[in-house]
1. Go through region 323-352 and count every residue that is within 17 Å of LYS168 (Cα to Cα) and hydrophobic (A, V, I, L, M, F, W, C).
2. Could you pull out the residue among LYS273, LYS228, LYS203 that is basic (Lys, Arg) and more than 24 Å from SER307 (Cβ to Cβ)?
3. What number of residues within region 81-129 are of a type in the set (Gly, Ala, Ser), closer than 21 Å to SER307 by Cα and in contact with a strand residue (DSSP E or B) (Cβ under 8 Å, 6 or more places away or on another chain)?
4. Can you find, within region 285-302, the residue that is nearest to LYS168 (Cα to Cα) among those that are aromatic (Phe, Trp, Tyr) and over 14 Å from the mean Cα position of the chain (by Cα)?
5. Would you check which residues across region 287-322 are modelled with pLDDT under 85 and more than 21 Å from SER196 (Cα to Cα) and list them?
6. I'm checking my understanding of the structure. Among residues of region 183-204 that are more than 24 Å from the chain's Cα centre (by Cα) and in contact (Cβ under 8 Å) with a residue 40 or more places away in the chain, which one is surrounded by the fewest Cβ atoms within 10 Å (Cβ to Cβ)?
7. Of all residues in region 181-196, how many are of a type in the set (D, E, K, R) and either closer than 21 Å to GLU251 by Cβ or part of a loop (DSSP other than H, G, I, E, B) (or both)?
Amino acid sequence: MALSKKPVTGMKDIMPEEMQIRDYVISVIKETYAKFGFTSIETPCVENIENLSNKQGGENEKLIFKILKRGEKLNLETAESEKDLVDGGLRYDLTVPLVRYYSNHANELPSPFKALQMGNVWRADRPQRGRYRQFMQCDIDILGEPSNLAEIELILATTTTLGKLGFKNFQIRINERRILKAMAAYSGFAEESYDSVFITLDKMDKIGLEGVEKELLENGFAAESVEKYLNLFKGIEESENGLAYLAKELEGFLDEEVRVSLQEIMDSVGATKSADFELVFDPTLVRGMSYYTGTIFEVAMPEFGGSCGGGGRYDKMVGKFTGNDVPACGFSIGFERIILLLMESGFKVPSQPAKVAYLIEKGIPSEELCKVIAQAQEERKDGTQVLVVRMNKNKKFQKEQLTKDGYTEFKEFYKNPLK
């Protein structure tokens with residue numbers, strides 16, 4: 001039986017054209033984030049299963065690729081539960097590994113610590129456009145900064161990067177988990193039911209206000225609470241300043257500091273941004289991870305028709321590892337979706353070096369071959385990209401293929417110099 005030449009479902013081979021764009025995007029990301037003071041780090045792709053299954057990863061914890069114990073530790077005959085078989089898993093995001101990393105090395109790191117991490121993550125998800133089971137994530141995080149300076153810097157760094165990649169007219173949607181909770185408390189929902197309410201609210205963009213009302217009622221919530229809850233959203237739509245309206249309506253349920261901080265973030269970003277985007281307060285924004293404690297945000301691009309990144313504040317997560325809470329906030333770019341949009345738009349990497357192909361006829365004397373390679377080495381010193389290859393029998397087709405790869409000049413070398 002022949003081996004399968006196709007990649008595993010939900011994963012893909014990356015062709016040279018896409019790889020060139022990916023490399024370029026990675027270079028822009030690293031260069032831009034470095035200017036904001038972020039430092040590159042790297043963590044292992046495998047994490048302890050206890051870290052990945054700590055009830056903070058939301059739905060992603062159902063999508064973990066789990067790893068069996070190895071050697072003598074794996075005993076199928078005596079195993080009584082999953083923990084007897086599994087001790088590790090492939091990371092489903094970069095936040096859990098980052099927090100473990102920080103908890104382990106905090107004494108060696110500056111405070112605040114501004115981290116940039118890029119790497120593959122894995123989720124046993126249903127593959128679809130822009131969504132794979134193995135995909136690259138690109139995160140920036142600030143740990144140890146309690147003020148909203150962290151949110152401001154994260155949003156500006158991310159939007160500056162997207163602007164440098166040519167994206168315009170996108171939105172940064174922003175909300176606060178404490179606002180979500182205050183709206184639910186004001187409406188009369190029990191605290192233990194907040195997550196259920198938020199799961200339904202998160203569908204607002206798909207099912208609308210009426211759909212949210214219907215689902216909440218079907219889930220058994222009191223009609224009086226549902227009506228009071230939805231009236232808040234209607235009031236926001238009719239008001240000029242949704243945040244100010246909510247702060248007034250939720251008096252006694254929402255600290256004024258929350259409104260002031262969120263407004264300061266929006267004003268500061270609006271006054272200093274360098275990219276073409278709109279920052280929008282969106283009280284329906286939920287974000288799936290249960291580890292968020294404060295500000296949450298998301299990148300919405302009309303070209304994709306959905307989220308292309310997001311993040312928020314998670315001040316309680318380090319404490320799960322160390323016993324002492326540390327303020328933390330992060331923003332993740334949807335790297336694969338960004339690449340997809342660039343590919344679909346016909347994006348070409350700018351400022352490419354000159355690309356020259358040396359075609360060498362088979363049988364050329366070794367001393368002549370050395371001269372050719374030495375000549376290529378000299379051109380490379382000047383910044384030219386030189387490909388040295390043997391000449392195919394079908395030289396015309398070979399040149400056509402190389403032209404598709406961006407080679408604009410060809411130099412031919414024959415075993416008979418007069419040819």
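1. Here the count works out to 9.
2. LYS228
3. 1
4. TYR292
5. Within region 287-322, PRO302, GLU303, PHE304, GLY305, GLY306, SER307 qualify.
6. Once the filter is applied, the top-ranked residue is GLY188.
7. Qualifying residue count, region 181-196: 2.
Each row is one residue, and each column tells you yes or no for (1) assigned to a helix (DSSP H, G or I); (2) within 22 Å of GLU249 (Cα to Cα); (3) touching a Lys or Arg at 6+ places or on another chain (Cβ under 8 Å).
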| position | (1), (2), (3) |
| --- | --- |
| PHE198 | yes, yes, no |
| LYS206 | yes, no, no |
| VAL212 | yes, yes, yes |
| LEU216 | yes, yes, no |
| GLU224 | yes, yes, no |
| GLU227 | yes, yes, no |
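The values are calculated or read from the model by the stated rules, or taken from the named source; none is laboratory data. Computed from a predicted structure; not experimentally measured. Counting neighbours? That spans all protein chains shown, and the Cβs are built from the backbone with ideal geometry, glycine included.
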